Structures are given as structure tokens and as C-alpha cells.
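FYI, it's all coordinate maths here, none of it is from the lab. Nothing here was measured: the structure is a model prediction, and the numbers come from that model. Methodologically, a virtual Cβ is constructed for each residue, glycine included, from the backbone with ideal geometry; neighbour enumeration extends over all protein chains shown.
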Amino acid sequence: MDVQFRTCATAEYLEAISDPAHPEHEHMRLWGPERFDPNVVDRKALEAAVNALSDVWKPRRRTTRSK
């Protein structure tokens, strides 16, 4: 998925979820988490997610090929 698309989709989500009069508000509210505040960060959940990614993305030792 393209970063520009995700950024645009996130902006649209935040716009819709923050405005009860927005035509997509109800749909986005049902699609997203039950309680969502973009200004509140769950630090423990964020750290756990980053740690899980760092385990997956750890550099691997290069193996040398013999000729």
C-alpha cells in the first residue's frame, strides 16, 4: 500500500470521525475502534507494536557464497 494513500485515508478518517455531521461519520465510527481520540497515545501499545516490528525487521547475518 502506498504511503500517500495511507496518509490521505488517515486524514479522511480523522475528518469524518471528528465531525458528527460528516456523511461518513457513522460508517467510520463503526469501522474504527470503539473509543478513538487521535490526541491520546497508548504508549505501551505503541512500544509493543514497535518492538514486534523490530523483531521482524532485525538485520540478518549475510552468508558468504563460495565460488
**Computed [θ] at 222 nm, deg cm²/dmol, the chain (DSSP H ≥ 4; -39,500 (n - 2.57); rounded to nearest 500)** = -17500 deg cm²/dmol
**Message:** For the ranges 14-23, 40-49, what's the packing order if you count other beta-carbon atoms within 10 Å of each residue, average per peptide, and put the highest first?
**Reply:** 14-23, 40-49
**Message:** With +1 assigned to the C-beta of every Lys and Arg and -1 to the C-beta of every Asp and Glu, and no other charges, what is the dipole magnitude of the chain about the Cα centre in debye, to the nearest 20?
**Reply:** 1180
**Complete:** re the chain: pairs of Cα atoms spaced beyond 15 Å account for a percent value of 70
**Request:** May I ask for the angle, rounded to the nearest 10°, between helix 43-56 and the longest principal axis of the chain, with both axes built from Cα atoms and the value confined to 0 to 90°?
**Result:** 30
**Request:** Rank LEU53, TYR13, PRO23 by how far each Cα sits towards the positive end of the charge dipole of the chain (+1 on Lys, Arg Cβ; -1 on Asp, Glu Cβ) and give me just the farthest.
**Result:** LEU53
**Nearest-ten-degree value, helix 3-18 long axis tilted from longest Cα axis of the chain** = 30
